[in-house]
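Below you'll find the structure, written out as structure tokens, and then a few comments.
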Amino acid sequence: MTDVEPQPDHYSYTVYADPQKAASFDAERFGGPIGRLVAESQEAVVARFLGQVAGRTILDVGTGTGRAALALARRGGRVTGVDASAEMLAVAAARAASEGLAVTFQQGDAHALAFSDRAFDAVVCLRVLMHAPDWRRALAELCRVAAAQVVFDYPALASVAAIQAGGRRVAARRGRRVEAYRVFTARALAAELGRHGFRVVRAHRQFVLPIALHKLVGSPGFTRATEGALAALGLRWLLGSPVTIVAERCQS
């Protein structure tokens, strides 16, 4: 099932085991008008894909500073957030406490989740598989602990993100310290999900142009206008990234 053993010195562990990185993460990733637009858009997609959240048990794998976990808890979900970084979890717990939200946070690894089979109604996993040392093992774990639904995202091979990803992987091979994430095809992910008894039921592609470009322009109006025009031409469905999907357990 595995192709690479999880590595404690892999960037996906080391980068976020830094209190300063954890403290600045939200501002770096979701700060500014475009960062907020990205976060709000994805939150809306996840909520739509999950449907009714109130009263359901939901696991957020790779929760980081708890953005998705807190959003689901506000909708009434009984949420548990897991992350390998104690530093990121400390920020998440403080945020939950400041809002009076009852979210359980615990340290754990996406490659070996410390929960029984089908322990949660749904599992959410955002911006994780692209970085995981062994994405197949991680995806198998998401499916194992989910009773009904798995929601996750990925950068698509057929997108501008693939160019950036390729550049980063070349840089990593040359010894530079970069987050050399991978890209995926829908077919490969659907096949892997099928091995674990799940099928993709819905997908949402976010942007055609790179998020970095939208942040550089810094205008939500520009982003909405350009992405709307590209979507009208059918390019978002062909080239949009990241892709968020919801997969459901097949009836046996």
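A short reminder: the numbers here are calculations on the coordinates, not readings from a lab. Keep in mind that what you see is a predicted model, and the values were worked out from it rather than measured. All Cβ positions, even for glycine, are placed from backbone atoms using ideal geometry, and neighbour counts span all protein chains on display.
Descriptive notes on the structure:
- Residue-span extension gain [R173 to Q107] - 0.36 nm each, minus C-alpha spacing: 20.8 nm
- Extension gain, T185 to E99, is 27.1 nm, computed as 0.36 nm per intervening residue step minus the present C-alpha separation.
- Most mobile listed residue (R127, R174, R224) in the chain, GNM with C-alpha springs under 10 Å: R174
- Rh by Kirkwood over Cα pairs, then Stokes-Einstein D for the stretch 21-72 at 0.692 mPa s and 37 °C, µm²/s: 273 µm²/s
- Beta bridge orientation in the chain: antiparallel %, DSSP, nearest 5: 45 percent
- Note on the stretch 103-185: Cα convex hull, mean projected area over all directions, 6.5 nm².
- Going from the fewest other Cβ atoms within 10 Å to the most, the residues F115, F120 appear in the order F115, F120.
- Reciprocal of mean inverse Cα separation for the chain (Kirkwood radius, Å): 18.6 Å
- Exposure proxy for C250, C143, C125: other Cβ atoms within 10 Å of each Cβ, ordered fewest to most, give C250, C143, C125.
- Each residue of the stretch 121-133 was assigned a 3J(HN,Hα) from its phi angle through the Karplus expression (A = 6.51, B = -1.76, C = 1.60, θ = phi - 60°), giving 4, 9, 10, 10, 8, 10, 6, 10, 4, 5, 10, 4, x Hz with x at Gly and Pro.
- Overall form of the stretch 43-117 per C-alpha gyration tensor (a/c, 1.5; a/b vs b/c): oblate
- The phi torsions of the stretch 163-176, fed into the Karplus equation with coefficients 6.51, -1.76 and 1.60 and a -60° offset, translate into couplings of 5, 4, 4, x, x, 5, 5, 5, 4, 5, 5, 8, x, 7 Hz, rounded to whole numbers, with Gly and Pro shown as x.
- Using θ = phi - 60° in the Karplus curve 6.51 cos²θ - 1.76 cosθ + 1.60, the 3J(HN,Hα) couplings for the stretch 192-205 round to 5, 4, x, 4, 10, x, 10, 9, 6, 10, 8, 9, 9, 9 Hz; x is entered for Gly and Pro.
- Among the chymotrypsin sites (Phe, Trp or Tyr not before Pro) in the stretch 177-248, none is located in a DSSP loop while being surrounded by at most 13 other Cβ atoms within 10 Å of its own Cβ.
- Note: the stretch 110-252, Cα convex hull, 126 Å³ per residue.
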